[in-house]
């Protein structure tokens, strides 16, 4: 619960940060490995999705709006731009 509260309070800071919104695919790859995303997901899972759509899916999963099996406990709102950039690139995006 504390992590969620911190993440919610930090969101406005990231909403106004262009660098945070851009994401870093290399950092996202490291985070995806550390968070064990790759145990279930591959780049193909995100084919045809824009980076914005992937970002929204990650945000909805983190908030509980989009059902997701256990495994997001350590993901934070700060991780989302990097993860979205990585999954977008892994799916063939630029």
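Of the residues 18, 71, the single one that is on the phi > 0 side of the Ramachandran plot, out of contact with any helix residue (DSSP H, G or I) (no Cβ under 7 Å at 6 or more places or on another chain), surrounded by fewer than 18 Cβ atoms within 10 Å (Cβ to Cβ) and at pLDDT below 95 is 71.
Identify, please: which residue in region 36-56 is without any contact (Cβ under 8 Å) to a residue 40 or more places away in the chain and assigned to a helix (DSSP H, G or I) and is, among those, farthest from residue 94 (Cα to Cα)? My answer is 39.
Considering only region 57-67, I want to know if a residue exists there that is surrounded by 12 or more Cβ atoms within 10 Å (Cβ to Cβ), touching a helix residue (DSSP H, G or I) at 6+ places or on another chain (Cβ under 7 Å) and free of Cβ contacts under 8 Å to residues at least 24 places away in the same chain. Looking through region 57-67, at least one residue is surrounded by 12 or more Cβ atoms within 10 Å (Cβ to Cβ), touching a helix residue (DSSP H, G or I) at 6+ places or on another chain (Cβ under 7 Å) and free of Cβ contacts under 8 Å to residues at least 24 places away in the same chain.
The values are calculated or read from the model by the stated rules, or taken from the named source; none is laboratory data. Small disclaimer: the values here were computed from a predicted structure and weren't measured. Cβ: placed from backbone, ideal geometry, glycine included. Neighbour counts: every protein chain shown.
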